[in-house]
Amino acid sequence: MLTLYDHPRSGNCYKVRLFLALIGKEYQSRFVDVLARKNQTAAFEQVSAFQQVPALTDGGTAIWDSHAILLHLAHHYAPEWLAPLPRIGAMHAWLSVSANEIANSLQPLRLTRVVGNAEAAHHLGVSEALLDIPGMQARTDRVLRRLDKRLADNKWLAGTDAPTVADIACYGYLALAEEAAIDIAAYPAIAAWRDRIPQLPGYVPPGP
Ligand SMILES: N[C@@H](CCC(=O)N[C@@H](CS)C(=O)NCC(=O)O)C(=O)O
């Protein structure tokens, strides 16, 4: 049985919950209250090296990081969600955009709006005075422009006929863009892609 260490408000956890639903894989959920710092234990560090959610145990194997978990699940249970070899580089590039560009822009911007600046600063490991909200906003605009350009010419991010794990990774926080006060209507290709994902069989919306 798979066990997902989960938090209902986390976009990173949502990527995994969504993917498990899309591939029809059963799992048990274990709530980790990261906002109450309940993740900061030696026991949880055995499962997740940075004490972060999401983490997954699959039999005797523990995997942490949403991207690593998506790849683990696709390789083991749903290889149709991996791009074919000619597109594998594109799939990994857009997984990287999720893990770097989105994780350093839209993700923290949303966090400031959802939990407030003081709490967000704590989770980001900086003092509140050093919280660079205009920088997050500028980086968010930049990544959204790039994503919109890519999706204007490609139905799915890896340039494939079917969605891959890269779409699920990037969708995690794009699904929550309004919580960061982002108007996705300004990015028509992202808006159209975002409307395609809920049409996939098994889709579950974000949130508790
Ligand atoms: N690279 C990781 C980042 C995970 C992450 O940022 N998790 C946040 C919740 S969304 C967390 O556990 N924060 C609590 C903490 O860092 O103490 C991933 O993609 O899963």
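A few points about this structure:
- For the stretch 2-80, size of Cβ-based charge dipole, Lys and Arg +1, Asp and Glu -1, in debye: 240 debye
- Overall, the chain carries a charge dipole of about 180 debye about its Cα centre when +1 sits on the Cβ of Lys and Arg and -1 on the Cβ of Asp and Glu, all other atoms neutral.
- Cα→Cβ-extended label distance, 7 Å offset, between ARG37 and LYS25, nm: 3.4 nm
- Fully extending the segment from ASP195 to LYS155, taken as 0.36 nm per residue of separation minus the present Cα-Cα distance, adds 13.3 nm.
- Among VAL53, VAL165, VAL115, VAL143, the ranking by other beta carbons within 10 Å of each residue's beta carbon, starting with the fewest, stands as VAL115, VAL143, VAL53, VAL165.
- Proxy reagent accessibility, fewest Cβ within 10 Å first, across HIS76, HIS7: HIS76, HIS7
- In this simple spin-label approximation, HIS123 and ALA181 carry label points 7 Å from Cα along the Cα→Cβ vector, and these lie 1.7 nm apart.
- Ellipticity estimate at 222 nm from DSSP helix runs (n ≥ 4, -39,500 (n - 2.57)) divided over the chain, nearest 500: -14000 deg cm²/dmol
- Sequence of TYR203, TYR173, TYR77, TYR27 once ranked by neighbouring C-beta atoms within 10 Å, starting from the fewest: TYR203, TYR77, TYR27, TYR173
- Share antiparallel - DSSP beta bridges, the chain, percent rounded to 5: 60 percent
Bear in mind these aren't lab numbers, they're just calculated from the coordinates by the rules spelled out. Just so we're clear, the structure is a prediction, and the values are computed from it rather than from any experiment. So basically every Cβ, Gly included, is an ideal-geometry build from the backbone, and we count neighbours across all protein chains shown.
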